[in-house]
Each structure stands twice: as C-alpha cells, then as structure tokens.
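This report concerns only the one structure given below.
The values are calculated or read from the model by the stated rules, or taken from the named source; none is laboratory data. Since the structure is predicted, the reported quantities are computational estimates derived from the model, not experimental observations. All Cβ positions, glycine included, derive from the backbone under ideal geometry; neighbour counts span all protein chains shown. Just the protein is used for accessible areas: all its heavy atoms, side chains included, with ligands, DNA and RNA removed. Shrake-Rupley method; radii C 1.70, N 1.55, O 1.52, S 1.80 Å.
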Amino acid sequence: MTVHLSRHTVRHTSGRRRTTLYALSLLCVSALVTALPAGAAPGPAGHPAAPHPAAAPSAVTFSDDFDGPAGSAVDGGRWQIETGDNVNNHERQFYTAGNSNAALDGQGNLVITARKENPADYQCWYGTCQYTSARLNTSGRFTTAYGHVEARMKVPRGQGMWPAFWMLGDDIGSVGWPNSGEIDVMENVGFEPGTVHGTLHGPGYSGSGGIGAGYTLPGGAAFADDFHTFAVDWAPDSVTWSVDGTVYQRRTPADLGGKQWVFNKPFFLILNLAVGGYWPGDPDGNTTFPQRLVVDYVRVTTG
C-alpha cells in the first residue's frame, strides 16, 4: 500500500536531526543483550555446584536479506513505501512509490537511490521538486518491543546526503510525535563522512534536544567507503548503540532528567535516504548524483 505521508517532526542541530512522518495507514491498519549463562551457583556443602539453566537461544523475529532479481521492488509483506515531500524539515527530495528509487540489485542488497531529477513533475514545499528518493517502513507489517535491531549498510557520500535507519513508536497515530518516541539507530549527514549518530526523541527531549551521541571511525575513514553494521540492543529501560560490534553509548531513564521514558512499547522500523534539510544542508556543486544507500540486510532478534 502506497500512501502520501505528512511529515511533522522538525529536527536539526549540529549534533543530529531529522523529521518524522507517518502514513495515514497508521490509523488503519535486548539491549536485548542476550543473557550469558551465569556461572554455576554455589551448591550445598559437600555437593557440586548446580548450574543455572541455559539461556534460551535468540529468535529472529524479522529478517530481510533483500534476495531477488535485480530491479525488483521490496517485499510488500515486510515493507510499505512512503511517498511525498517534507516541508517541516525542509528536505529537498520527493519520495516515490514502487521500485523507482528503492529496488533490489540482484546481489542480495536493497538500493535506495537519490537522483537529481523530476520525471513526473512532482511538487514539493519549495516548488517543483529537484530530487527523488525513497523511504520504507514496517508499520502494519512488523513491530517489536525490545531486541537486537541491526542493519548492515553502505551509506552515500556528499554534502546534503542524509541516510537513516530508525524506529517510531507504533502508537504515533494516536499520540503523535514526539510522545510516540523515536529511536535513531543510525543517522549520517554528508558533511561528517566519518561520523554517525544515535539518538532518542520523546516528550521534552525532541528535535535539537534529543538524547544521543556520535561515533567516529578511526583513522579518518569514511562510512561511504565500505559496509558497516549499525545496531541497538534494546531492553526495558535501556537502549545501547553499537557500530560493527563496538558499543559507543547506552541510555536509560536516568539520562532524561525526570522526563518520560517512552521506549517500553512496540516500535516499527524505517529506512530512508533524504536529500537536504536543516541539519545536513542542501547539496552543493561538489555533490554528485545519483547517490545510493545500499542495505545488505535488516534483522531483529529477541530471546
């Protein structure tokens, strides 16, 4: 189902930011850190220690390896495609339907492509749209409360590029944003080629006031040079971020200064590639097109 979305969350800061949109269909339709077995518990005197029961194995609750013929659209049973522009965040792209800007490459990847074009006279908040791209979500198809949420991706490069992998509270249609909560697993803006950001947004700590941190690759490397794995381990009252298995921040209700923690409920997943906006700024004369966000897989495990 393709629907026109309205975006209503403005987020822009030198530290991070983006905007939220939700589909009209929303109205229709850990760290799981897997516990390692503890050491043997002491037994009664003269008896061997009794081992704890083994931890239950993790279960994959969502997985998409993006296998299929080149040019195919994403699996509609897993993803819906959002369409439209974003006036609130002043992004420049128009998100298109079908496989125009989001398609499988035939090699096990999803490719979200941003192009400098307007093949159908799309109209944006600023007039005739200059760019097209794509945005996908799992609303109405998959939600999760807690788990290890992971994507392996290769981001685009260039001024004005803004790829993201993130989650929204499934109750956004009734409570709105930011009361729904938002977990940004990964955001990158083109003027920081070696840095990604992970952030929480909720009531009283949204937009430029989001709670989060950045992670920078060592040695001046750029994220666009290779694939990297971006993840959160999400448990009741904690979210922990990692890049390629390296943990770089953990957040709990204690970080919110008494504000409400809204992350103990189901969320759905979002993948998108924005062009321009308050935070990344617009493309400039050095930005080349097309640019691509290449996604090897998305996976959620719980246990």
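Taking the residues in the range 84-108 that are open to solvent by less than 20 Å² (accessible area, probe 1.4 Å) and polar (S, T, N, Q) as candidates, determine which candidate is nearest to M153 (Cα to Cα). The extreme case among them is N101.
Restricting the range 124-138 to residues that are open to solvent by less than 10 Å² (accessible area, probe 1.4 Å) and not in a strand (DSSP E or B), the residue that is farthest from V232 (Cα to Cα) is C129.
The residue of the range 210-238 that is farthest from F268 (Cα to Cα), among those that are among the small types (G, A, S) and assigned to a loop (DSSP other than H, G, I, E, B), is A221. Of the numbered criteria (1) of a type outside the set (D, E); (2) within 20 Å of E150 (Cβ to Cβ); (3) exposed (fewer than 14 other Cβ atoms within 10 Å of the Cβ), the one S242 fails is (3).
Considering only residues in the range 171-192 that are open to solvent by less than 10 Å² (accessible area, probe 1.4 Å) and of a type in the set (A, V, I, L, M), the one that is farthest from K259 (Cα to Cα) turns out to be V189. Quick check, is A221 under 24 Å from M153 (Cα atoms) and open to solvent by 20 Å² or more (accessible area, probe 1.4 Å)? For A221, the condition - under 24 Å from M153 (Cα atoms) and open to solvent by 20 Å² or more (accessible area, probe 1.4 Å) - is met.
Look through the range 139-167, keep the residues that are charged (D, E, K, R) and within 21 Å of A274 (Cα to Cα), and return whichever of them is least open to solvent (accessible area, probe 1.4 Å). Result: E150.
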